[in-house]
Amino acid sequence: MTDKELFIRFLIECNALTFGDVQLKSGRIAPYFINTGMFDTGQKITRLGDHYAKAVHRYFNTGFDGIYGPAYKGIPLCVSTAMALSGMGHDTGYVFNRKEAKTYADKSSTVGMALTSGTRLILVDDVITSGKAIRESLDILKTSGNPQINGIVISVDRQEKGTTDRNALAEVADTLGIPIHAIVTLADITAFLHNKEINGKVILDDAMMKKIDTYLARYGTM
């Protein structure tokens, strides 16, 4: 199997990718959901970090100094990705933000590597819909050494519209001036899973595929 197919199978086996109606933060009712919070064991988060590290290396080689993850889900992502990169021969820093400011001792807004205006970071997150969480992270980083964000890596490109008829990822990338890459796209997922058995069970049958097609006809940019 390819790296993409291995990642999709991994998502399914960890229940991080599920099918069925769920309300998203945007208010849309989607027939699928991606939740990297399901990587809840040492083995799972290690494997997840390996997949992110391969994507970071594929798209950015060694053109960065550290990995940033927005709290909370981005915390284990940035740590596991940095660990995997170290195993690949690129020992890099990691950093994440605090959700609540401390009023004692170290009052900085971030935890991890020291940041300066010359620090080059790759931001890792699960998915991007509107880009609101990314913008919040950038605002935090501006007051924490103002490092450079050289790129963003997420797990899945949902291939949906953002605030316009354009792909949400492309829209956010253009607005921020930062390249965004996904390990897999929704098209990768449906192509691999449609009527395919995983551990003896068809995960994405014709009925669910029809619901996805209906949803994408309204919100998709595939």
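Taking the range 144-176 as the range and being touching a Ser or Thr at 6+ places or on another chain (Cβ under 9 Å), at pLDDT below 90 and under 24 Å from Thr110 (Cα atoms) as the test, only Val172 passes. Taking the numbered list (1) of a type in the set (Val, Ile, Thr); (2) touching a Phe, Trp or Tyr at 6+ places or on another chain (Cβ under 7 Å); (3) not in a helix (DSSP H, G or I) in turn, Ile212 passes all entries but (3). One residue alone among Leu141, Leu123 is buried (at least 19 other Cβ atoms within 10 Å of the Cβ), touching a helix residue (DSSP H, G or I) at 6+ places or on another chain (Cβ under 9 Å) and on the phi < 0 side of the Ramachandran plot, and that residue is Leu123.
How many of the residues making up the range 161-215 are among the hydrophobic types (A, V, I, L, M, F, W, C), touching a residue at least 24 places away in the same chain (Cβ under 8 Å) and more than 30 Å from Asn150 (Cα to Cα)? Of the residues in the range 161-215, 7 are among the hydrophobic types (A, V, I, L, M, F, W, C), touching a residue at least 24 places away in the same chain (Cβ under 8 Å) and more than 30 Å from Asn150 (Cα to Cα). Consider the range 40-87 and keep the residues that are in a loop (DSSP other than H, G, I, E, B) and either in contact with a helix residue (DSSP H, G or I) (Cβ under 6 Å, 6 or more places away or on another chain) or among the charged types (D, E, K, R) (or both). The one that is surrounded by the fewest Cβ atoms within 10 Å (Cβ to Cβ) is Asp40.
Please indicate, with yes or no, whether at least one residue in the range 85-92 is of a type outside the set (D, E, K, R) and either modelled with pLDDT under 90 or touching a Cys at 6+ places or on another chain (Cβ under 7 Å) (or both). The answer is no, given that none of the residues of the range 85-92 is of a type outside the set (D, E, K, R) and either modelled with pLDDT under 90 or touching a Cys at 6+ places or on another chain (Cβ under 7 Å) (or both). From the list Ala84, Ala71, the one residue that fits, being within 13 Å of the chain's Cα centre (by Cα) and touching a residue at least 12 places away in the same chain (Cβ under 8 Å), is Ala71. Answer yes or no: is there a residue in the range 209-218 that is under 21 Å from Glu5 (Cβ atoms) and in contact with a helix residue (DSSP H, G or I) (Cβ under 6 Å, 6 or more places away or on another chain). Checked against the condition, which is being under 21 Å from Glu5 (Cβ atoms) and in contact with a helix residue (DSSP H, G or I) (Cβ under 6 Å, 6 or more places away or on another chain), the range 209-218 yields no hits at all. Taking every residue in the range 2-15 that is closer than 19 Å to Val202 by Cβ and of a type outside the set (Val, Ile, Thr) and pairing it with any residue that is at pLDDT 95 or above and assigned to a helix (DSSP H, G or I), at least 6 positions away or on another chain, the pairs with Cβ-Cβ distances below 6 Å are Glu5/Phe192; Cys14/Lys44.
Residues in the range 30-39 that are part of a loop (DSSP other than H, G, I, E, B) and surrounded by fewer than 20 Cβ atoms within 10 Å (Cβ to Cβ): Asn35 alone.
The values are calculated or read from the model by the stated rules, or taken from the named source; none is laboratory data. What you see is a predicted model, and the numbers here were worked out from it, not measured in a lab. With ideal geometry, Cβ positions are generated from the backbone for all residues, glycine too; neighbour counts draw on all protein chains shown.
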